[in-house]
Each structure stands twice: as C-alpha cells, then as structure tokens.
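Written out below as structure tokens is the structure these notes cover.
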Amino acid sequence: MLGTALCLSLLVFWLTHLPPNLEKLAKSQGSARMSDAEVASWLERSGFDRPLPVLYGEWLGVLPRADCGHCGVMQGEWGQSTVFRQPVSAVILRSLAATGWLMLWVMAVMVPTALALGALAGMREGSRTDRTISVATILTAATPEYVSGVVLVALFASATAGLSPLLHEAGWIERRTLFQGTASGAMTRITFWNFALPVATIALYGTGYIARITRASMAEVMAQPYIRTARLKGAGLARIVLVHALRNALVAPVTVILLQLPWLLNGVVIVETLFAYKGFGWTLVQAAGNNDIALLLGCSVVAVTLVLATQALSDLAYRALNPRLRVG
Amino acid sequence: MTEPVLRLEGLTVSFGTRRGRFPAVEDLSLAIAPGEVLGLVGESGSGKSTVALAVMGDLGPAGRIDRGSLRFGGRELAGLSERALRPIRGAGIAMVGQEPMAALNPSMRIGAQLAEVPRLHARVSRAEARAAAWRAAEEVRLPDPERILDSYPHQLSGGQLQRVAIAMALMARPRLLILDEPTTALDVTVEAGIVELLREIRQEHGTSMLFIGHNLALMAGICDRIAVLYSGRLVESAPAPRLFASPRHPYTRALLRALPRIEGARRPPVPLAGGQPLPHERPQGCAFAPRCGHAQGGRCDVAPVPLETAGPDETVRCLRWREIREQPIVAEPLPEARPGPAVLEVEGLTRRFRTARGTVHAVEDVSFSALEGETLAIVGESGCGKSTLARLIMGLDRPDAGRIRLTGVEVQDRPAGRRPAALTAAMQMVFQNPADTLNPSAPVGRQVMRALELFQGASSAASLRTRLSELFGLVRLPESLAARMPRQLSGGQRQRVGIARALAGDAAILVADEPVSALDASVQAAVIETLLELQRIRRATLLFISHDLALVRQIADRVMVMYLGRVLEIGPATQVFGPLAHPYTRALLAAAPRSDPTAALRPAPAGDPPSALDPPSGCPFHTRCPRRAEVPGRLCADRLPPLAEVAPGHAIRCHLSPEELRKQPPDEERRPAAPLTPSCRGAS
C-alpha cells in the first residue's frame, strides 16, 4: 500500500515538474514577459533545475534541503501555497474539514436510502415496486453531477425559473428562491436551505448506483436455495428478508459503498465548484488552475491516502460480512 | 385403511413460459400412508421436483396448480394462502433438498439456523431452542454437536451438512418428510450413512417420507412403494419388491436395465435411446412411445393412455403391459480385454499443496501403469486425490516428485501447453460437467473443429470437415447438431460433444473424470456405451475416474483404489471385487446401493474420510478400518503397510496377510437365503 502511494505521488510529482509547467511557473511567479534565459536563471535560483529524483527526495523529506535540513511531507512540512499565501497543510486541513461535513451528509442521506430502495426492489424481482424503483434508480445513476446539479439549481434555486418564482408569487416563501444556489454560507453555518442542494446532487447519483447493486445482489440472494429452506421452515417474508437475506445481500453493496468514498471526491470537485463551497474539491481546482505545485501535490497525497485507506477498509468489511473468509 | 398422510388426486401443475403454459405434472394421483416411504422416480424434467414444490406450496410466480387436490391429513392444501401455509411448512411437512451446502445460510451459524425452527413453530425461549438444536444434532448422529452448532456451513463436510439439513427438517416433528435427491451430491459411503439414518428416523418416529430421486438402486434400500414418473405422468406404481422383481411398464424396465448394478460384473448398463420429450413436445398418445421398443403404430400413438390398475396397489400406464411380460434384463457381458503394451507409466508421483492451514497431501507416492486398450478405473471418495492425479497426468499441474511416462516419453516436467502437439493429442480428457467445459457462445461443431485444427493442422479444410462428420458419427450425434450452441443440447449430447472433442487428435489415452455422474441413469448408460465402443474400435486406453463402484464393476478391466492420496489396492477387476480385497474396497462395495429391495443391509464405514491436511499416521485408513482389531498392537497406526503383491498384478496395502484378508466371505455370499420382507407396510 505504501508502495502504491509512493508510485502515485511520484507520478504526480513528475507531471507537475515537466519543463513546460515549470516555465509557466517561472513566468507566473516572475513576470509574464521573461525571456528563455531569464526563465532558466529563475529556475536555477529556485532550485528547479536539479534532477527530478533529488527534488522528489527533498519534497518527501528523505534528502536534506539547503535551508532547513530534512523538511518534507514526511516531516509534516508541506510547503507554502502560492495561491492562498498560507502553509499548504493549513489550507488542506480547512478544506478537508469543510468537505468532511459534505461527505458526512451525503453518506447519511445516500446509504440508508440506497440500501432500503435496493432491498425493497430486489425482494420480489419483477414486481411493480421493483420496476418503479428500478426506473428511478437507473435514471439517477445515469445522470452525472454536472447535469443534475444544474437541473436542481434551475428547479429549486433560481429566481427566474423552476419552482421558486411560483412559490414566491403565491406568497409561500419569503425569499426569492426556495433553496440557496450557493453553499458558501454553509462554510460558517450549515442549514437545510444552503446545504440540501449540494448534498442532493452528489447523493442522487450514488443512491441510484448503490441501489442498483443492492437490488441485483438482493435478487440473487432471494433466489438461493437457503431462502427456500427458510421459507419451507415456515418463516415469514419479513423474517426471511431481515434475518436470512439482508446480510448476505449486503456484502456487495458495502464494498461498493466504501469504494465509492474516494470516488465521491470526484463528484465533490464538480459540486463544490458549482455551489462555491470552499472544500477540498474547490481547493484542488484552485490549485490546478493557478499552477500551485505545492498545494496540488499536497492534495494528491491526501487523495491517494484516502483511496488506499478505504480500499483496505472495504476488504475488512467484506471479511466481517462473509464468514467464509475468516480463518478457522 | 387409515387416512393417508398425503393424498394427491388428479394433480395438474403448469408453468408459464414465453411460449405459453405447459403442464409439468399431469393428472397425478398418489397417496402416502402413515409411516410409509414412497419413492418417486424420474429423470430430470419428469416433473418429480415439481410435485414436491406443489406439496410445499412453493411453486414460485410461474407455477400454478391447474386442477386436482392435495390433501395433507385431510386438509386441502391447494389454494391455501402463504400465511395459511406457514404453520404447515416445517411443522407439518418438511423438505430436504439436493445441495446441502446451498440449502443452508452461509452467514448464519448452524445452531442459529436449527434453533429457528422451534422459535418459529413453538413459542419457546432462546435457551430452549438451543437445547432443542443440540438434541436434534445428536439425533442425526453428528459428532461433537457443540462444535457443529457453533460452525458456519462452509466449515462442515457435505455429509455433515446433509445431516444438519435433515435435523432441521425433523425438529418440528413433521408428519411428512420430503426428500428431493438427498444424496445425489454425496459420496457413496456418506450416502449409505444418510440412507441408514433415514431408515432409523422412520423406525423411531414413524415419519412418512416422499423420497424423490433418479437412482432406483438407492431407492430399493429405503422405499416401500415406488412411483415412476415420465414426462409429467405417472407410468407405473407398485410396492418396491414387486417393481424390481417384475417391472411392467417398458420405461421402468429400461430404467432398471440402464442402472449400474453392483452385482453385474462386466455387464455394462443398457442404454435407452433418445430423450424425454419436453412438456410442449409431448406426443399425442403414450409419451414414451417414440423410445419404446414395443410401441405399435396406430395403437400407442393415437390417444392418451389411461392408467390401469394392474393388481392390489399397483398401477401401470401402458396399453400392452399384459403382452410384454418376459424379457431378459441383463446385457451381454463385455468381451475379455486384450491389453497391449503399457502406454502410460506413473512412478512415485507426489503432489502436495501448501495452504495457510498446512500441507494437503493430495497425491502420495502413486505408481501404476495403464495398458493399451484397457479400462483402468480409479476409485475413491471425494478428497482421495483422484482428480489431482488426473490433472497431473494431463499436465495441468506439476508433481512435486515422481515420473510420468507417456508412450515412453517423460512428461512430468512439461505442462500441457509445452508438450509437443502429438503428445497432447495422444492424451485427452473428458470432463465431469459437459455444460461447464464447452464454450457457451460457440457452436459445438466449431469447438470440435477447433480441436481438429490444433491437432491435425496440416490437413486441408475439406478433409477436416470429413473428419468432423466422422467424429460426430463415432459418438452417435446427428451432424445437424453441429451448428447448435451448447445450451441447445441435452446433457448427454453435450457429453458426446466433449468426447468427440477429446477424440479429435486420435487420443490413445482418454482420461474421463466422473464423465457420467452429472447425467441421468438412462443417459449415463448411453455415454458409457459410446466410450466403451470407442475403446474397442480404437484400442484406446480409458482411465475411468469414478466413485460409482457399481458402474466400475460393470465396465473396468483393472481397478485402482485410492484413499487420502495413496493407492490402497490395484489389480484386475475380477480380483479386486473378489474374495481377496482391501478392507476399504470392501467397505466401498458394501456402501454401494444395490437395486434389490430384498438385499441385506450392510454397514457403511463410519464417518467421513479424515482431512488430507492432516492424514493419519501409519495406514491412512486405520481410523475407519473395520478390521483394525485383527492387527496386533499399534502396527496400523504406526507404520504404513507396503503395497504388496498378493497375486500376479494384484497388490494390496494392508498389514493383514492375504490369507487373513480372504477369510471374510465375499459380499455376494453374505446375502440372506430368504428375501427379507419390508418392515413397514404394517401401518396401512
């Protein structure tokens, strides 16, 4: 796992230290009109002309640096962000905290809804409930966040389109829009009105996806001979579903949910930008857009760690749910 | 006569498919008296499992009872709601299915699954339910109930799981127990143990049973009456001894002829041509007429044949049953084999698997040779290493030690992919499950053609096509089937394709790993016939891996008995099945079901074979050996006996001397002189 993290960080490091990128960096830090010779001398002064492995070693903290000795990622020195004029670690911590709240609410909405819908649909394959839920979940799973986000904003948070003008005219709401189109207020205080839309945007896609997987897994389990055994023992449907089917049916979705976590980061980038919520995704976009190498590297380290941690967690969850994988 | 436990009258069950509704069971009338065991025999697709599900009220959304009544102890079951059925399921009628592993919840401990039954049907406390589970586990003779109750299903063997399933079915003391092929997935020895257990249960509790299966030999040992189902219709029913002594319906006769018989040495089972018609292809008159040797045009194929009463408690559905009484029931014996030189020589072959929990001794120091033109059967319980041995010989796995010589060339270090084409072609395999070993998305002709191209690449396209049609002819497949996909063929046809594919390179050695154990009895016989005929024509060597001793006795020239990776006995079939044999061979023979309800019951070796992870010291069989007491001291536990020659070509691994081994009379002579009367008809 450590090896994977190293490889991935080296890859990002190499990509951000490609010559054209460094040239851009020099020009943005110095002046945009620098000649090639000036760029070269700027790079030399800043130490970027040395070989990549040395730079990487210094960044990691395994090689000593001229000014501060061993001071790299491993020592907790993440460098200085050029965009925010702050230490990278501070920026990342703040944005992670913000994203953490978003994720928490997304999970709190998405997981129970998805599992309940999936189980309900898979319980009786082909029934009307199943077909209704299936159509709905396929629709949401097929809609990317940048579409559903825009649609939700138009429907609920626009002063000129969707529901809000109608409600406002009818005098049912005081404000001009039902929900707020931006979540920047949620940075200080989270309310239903400023947070529901970003949460819903991310959760919609995930809910559809997880519900599909739960349904498939539930339907498969319901066709197993041991469910027939339970039925022929005289057990009722509620008992069959809750005691016999659910645990076996949850193995697949739970692993997916945990694998979904890092994937949520992806949605977070779009949604945070759309709703101007200054979380991890927004920070990442800022760093990339402004060629903030230190911040970009910091973000990728955090992302990689998160992905690997959830992978490990999903293996553990799989093992807990499936006694066949336990030793003995 | 007392009220029967279960009475079916005119039961018709249909299933809805895309092409309309088709009856799976038509106009079935049966009754099971208290304490009686009724056998319901039929091949796959005959509707026998549908009967069980109809009784349990669990036909699923596609199934429907169209007509007829199902009375359980006087109460009509047809049309009952799910809610009304619940107290009957489990407590009134319980069912045990075919696959014990699949029938138990993999993520629930055995104890919890057992305790659920009393919790559902009698309002008892957790502790009481647990105690009941304990008693139930003991009742089905599960060793160490405490440990079993705390286990998950994957931690137990197939035989133990089936005992658990039976314990679960019996917990609420049902009046009727439905057994749907309860032993099909199990080894012979384990099967014998389960049948013995069922007999005891019947004696102790007087539970009535509906025993569903396709193996008549097995049913002979437990059923009082047998009903034969063909294509959804009852064709014959009679008390078991009568049915075996003088079957009336041509189909019953054919089934009995196709049955592997432990007493039929070197007489292969007689195949029954053709297949059972699908529900929507049933002919006008008698459904069996197209396959029946006695069918008369204009008589049998005109109108549905009525069920006739042939005697007290005997029915038959045949227009000509009075005319076709006598018929010889055994096949011609096989000609003596004229084996040639050795084509396969195996020496000191050993394969061990290192796993997280220790080393599995899969194959230990196995030596033998197979001769040209002979059938060498390799027998043993599951886990004895016979399939690993086949994989090693085929080059699908590498041995840790030992030599394999194939037509004189050493091949042990060459995996199948790196053997010269000629050697690969010379040895081919016929697999157990033809459905899994054919590519589901390519026409079968194409798949055989692919093998031909590989092995005879130099030939022209035209000559390859001629070879293909020759091969199809050889395995008796109509050439028109070549364009079909595997799923469009029946099990027997698929296995023939598998054989044709194996023969594409003119194989000198065919390794057949349980080639017929997934097939119905009548189809089995036909596939066996094909294999034997090929062997006669081509003088190929057949390595026949099987756990079915009856079949082995009928067709093998030589037999090798394996146990926990070691060879316990090898020799000519006539001798291995004769008076001088290893105690384990004896035990296997004793456990094989015999198609004779009057045969005496024989004790099967107790328990499951020990784990190959931790094989017993000394003789591997000593922990289950019935004759261990005759060997002085701890010799059996301490020292591995040598594989000693007791007669030319016949070697036995046992500490007992040949004379001592011979003392026990061969099993044929142990039969009682007078037929035993079945014990349980008294109740009705």
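Can you list the cysteines of chain A that have no other Cys Cβ under 4.7 Å away?
Singleton cysteines: A:Cys7, A:Cys299.
Please report the relative contact order for the range A:2-77, taking Cα pairs under 8 Å with a sequence separation of at least 6, and give it as a percent rounded to a whole number.
Taking the mean separation of contacting Cα pairs over the length of the range A:2-77, I get 17 percent.
Below 9 angstrom from the Cβ of A:Ala230, what's the summed charge of the other residues (Lys, Arg +1; Asp, Glu -1)?
After counting each charged neighbour, the total is +3.
Taking the Cα centroid of the range B:194-209 and of the range A:11-52, what is the distance between the two, rounded to the nearest whole Å?
Result: 87 Å between the Cα centres.
Is there a simple number for the mean count of other chain Cβ atoms within 10 Å of the Cβ of residues in B:426-433, and what is it?
Mean shielding by partner chains, rounded to a whole number: 0.
Nearest 500 deg cm²/dmol is fine: what mean residue ellipticity at 222 nm does chain A get from its DSSP H runs of n ≥ 4 alone, each adding -39,500 (n - 2.57), divided by its residue count?
-23000 deg cm²/dmol
How well do other chains shield peptide A:219-231, expressed as the mean number of their Cβ atoms within 10 Å of each residue Cβ?
Per-residue shielding by partner chains comes out at 5.
Rounded, prolate or oblate for the range A:189-328? Axes are the square roots of the Cα gyration tensor eigenvalues, ordered a ≥ b ≥ c, and the cut-off for rounded is a/c under 1.5.
prolate
Efficiency by 1/(1 + (r/R0)^6): what FRET value for B:Ala62 and B:Glu479, r their Cβ-Cβ distance, R0 = 45 Å, to the nearest 0.05?
Efficiency, rounded to the nearest 0.05: 0.80.
Rank-order B:358-364, A:57-63 by packing density, defined as the average count of other C-beta atoms within 10 Å over each peptide's residues, highest first.
Result, highest mean Cβ count within 10 Å first: B:358-364, A:57-63.
Going toward the positive end of the dipole of chain B, with +1 on Lys and Arg Cβ and -1 on Asp and Glu Cβ, which of B:Leu218, B:Met95, B:Gly408 do you reach last?
Of the candidates, B:Met95 comes out farthest on the positive side.
Report, largest value first, the span of the C-alpha coordinates of chain A along each principal axis, in whole Å.
83, 68, 30
Assigning unit charges at the beta carbon (Lys, Arg +1; Asp, Glu -1) and nothing else, what dipole magnitude in debye, to the nearest 20, does the range B:454-579 show about its Cα centre?
Rounded to the nearest 20 debye, it is 320 debye.
Please list, or write none, the lysines whose alpha carbon is within less than 24 Å of the alpha carbon of B:Lys48, excluding same-chain residues fewer than 8 places away.
Leaving aside lysines fewer than 8 places away in the same chain, those within reach of B:Lys48 are A:Lys233.
Would you mind working out the magnitude of the charge dipole of the range A:2-77 relative to its Cα centre, with +1 at each Lys and Arg C-beta and -1 at each Asp and Glu C-beta, to the nearest 20 Debye?
Dipole of the range A:2-77, to the nearest 20 debye: 120 debye.
Cut-off 10 angstrom, C-alpha nodes, Gaussian network model of chain A. Which of A:Gly126, A:Gly47, A:Gly208 fluctuates the most?
Its mean-square fluctuation being the largest, the pick is A:Gly47.
Are there any trypsin sites (Lys or Arg not before Pro) in the range B:271-322 that are in a DSSP loop and have at most 14 other Cβ atoms within 10 Å? List them by number.
Filter output for the range B:271-322: B:Arg299, B:Arg322.
Towards the positive end of the charge dipole of the range B:342-556, with charges on Cβ (+1 Lys, Arg; -1 Asp, Glu), say which of B:Gly358, B:Gly373, B:Ala483 has the farthest Cα.
So the residue we want is B:Ala483.
Applying 1/(1 + (r/R0)^6) with R0 = 56 Å to the Cβ-Cβ distance of A:Arg33 and A:Ala108, what FRET efficiency is obtained, to the nearest 0.05?
My answer for the efficiency is 0.60.
Just to confirm a number: summing +1 for Lys and Arg and -1 for Asp and Glu over residues other than B:Arg405 whose beta-carbon lies under 11 angstrom from that of B:Arg405, what do you get?
Around B:Arg405, the charge tally is -2.
With bins 10 Å wide starting at 0, give me the P(r) of the protein assembly as shown over every alpha carbon pair, in whole percents.
Calculated P(r), rounded to whole percents: 2, 9, 15, 17, 17, 14, 10, 8, 5, 2, 0, 0.
At 0.36 nm per residue, minus the direct Cα-Cα distance, what do A:Leu52 and A:Arg131 gain on full extension? Give it in nm, one decimal, please.
Stretched fully, the A:Leu52-A:Arg131 segment lengthens by 22.8 nm.
Take each uninterrupted DSSP H stretch in chain B, measure its Cα extent along the helix axis, and return the ones at 20 Å or beyond whose mean Kyte-Doolittle hydropathy is at least -0.5.
Flagged H segments are B:188-205, B:521-538.
In degrees from 0 to 90, rounded to the nearest 10, what is the angle of the helix A:293-321 Cα long axis to the longest principal axis of chain A?
Between helix and principal axis, roughly 30 degrees.
Can you sort B:Arg21, B:Arg86 so the residue with the fewest Cβ neighbours within 10 Å comes first?
B:Arg21, B:Arg86
Among A:Arg128, A:Arg212, what is the fewest-to-most ranking by other Cβ atoms within 10 Å?
Sorted ascending by nearby Cβ count, the order is A:Arg128, A:Arg212.
Can you pull the one-decimal nm distance between simple spin-label points at B:Arg267 and B:Arg465, each 7 Å off the Cα toward Cβ?
4.6
In degrees from 0 to 90, rounded to the nearest 10, what is the angle of the helix A:280-289 Cα long axis to the longest principal axis of chain A?
40
Going by C-beta contacts inside 10 Å, put A:Lys27, B:Lys48 in order with the fewest on the left.
Going from least to most buried by this count: A:Lys27, B:Lys48.
Which one of B:Val228, B:His154, B:Val195 is farthest out on the positive end of the charge dipole of the range B:149-257, using unit charges on Cβ (Lys, Arg +1; Asp, Glu -1) and the Cα centre as origin?
Comparing the listed Cα positions along the dipole, B:Val228 ranks first.
Using only the C-alpha atoms of the range A:2-77, find the volume of their convex hull and express it per residue in Å³.
92
So the label point goes 7 Å from the Cα of A:Trp14 along Cα→C-beta, right? Which residues of the range A:274-296 then have their backbone N under 12 Å from it?
none
Tell me what chain B gives for mean residue ellipticity at 222 nm when only DSSP H runs of n ≥ 4 count, each as -39,500 (n - 2.57), the sum divided by the residue total, rounded to 500 deg cm²/dmol.
-8500 deg cm²/dmol
Quick check: net charge around A:Gly61, other residues with Cβ under 14 Å of its Cβ, Lys/Arg +1 and Asp/Glu -1?
-2
Charges only on Cβ, +1 for Lys and Arg, -1 for Asp and Glu: so what's the dipole of the protein assembly as shown about the Cα centre, in debye to the nearest 20?
That gives a dipole near 1420 debye.
At R0 = 56 Å, how high is the FRET efficiency between B:Ile537 and B:Arg21 if r is their beta carbon distance? Nearest 0.05 is fine.
Taking R0 as 56 Å, the efficiency between B:Ile537 and B:Arg21 is 0.75.
Quick note: the coordinates plus some simple rules give every number you see, no bench work behind them. Since the model is a prediction, treat every value here as computed from it, not as a measurement. Cβ coordinates were reconstructed from backbone atoms using ideal geometry, including for glycine residues, and neighbour counts include every protein chain displayed.
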